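Participant: Dropping a structure here in structure tokens format, bear with me for questions.
The values are calculated or read from the model by the stated rules, or taken from the named source; none is laboratory data. All of these numbers come straight from a predicted model, not from anything done at the bench. Cβ placement follows ideal geometry from the backbone for every residue including glycine, while neighbour counts extend to all protein chains displayed.
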Amino acid sequence: MKKFIVTKEKNRTFAAHLGLKPMNSIVNSIASEYLRTDLPAFKAGDRITVYYKIKEGAKERIQLFQGDVLQRRNAGIDETFTVRKISNGIGVERIFPTHSPFIDKIEVNRKGRVRRARIFYLRTQIGKAARIKELRTR
């Protein structure tokens, strides 16, 4: 009668068995080189100004987009944030990739006090109801 011995070797993947790293660790190590560290800390409810580089033919200029942050999504190289502003009475939202080389800089103009990580309810609010209280530090 044969006896089977269960070892930890059984639980290893084929790549690990060959001594290779898992694919996600390789991708993360490459992506970590492109993560930006020069951006300020901001969250949903903050009013920010995004300086975004725009290429038009051979020319390059910087466009400003100032508004309230509705959300920040994901983490790592895929992280994005949504900014909403009111332009001529019409709500305009733009999604920016956080680690994009086209973002020149981000300025935090005002810290907002909200109780949610995603403040999509601002889309339905009009006038004074759409205001965000300012976060005051003591």
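Participant: For region 102-111, indicate whether the set of residues that are closer than 30 Å to Asn24 by Cβ, touching a strand residue (DSSP E or B) at 6+ places or on another chain (Cβ under 7 Å), outside any loop (DSSP other than H, G, I, E, B) and at pLDDT 95 or above is non-empty.
Facilitator: yes
Participant: Considering region 55-77 alone, what residues qualify as being closer than 24 Å to Leu122 by Cβ and within 10 Å of the chain's Cα centre (by Cα)?
Facilitator: Scanning region 55-77 gives Gln71, Arg72, Arg73, Asn74, Ala75.
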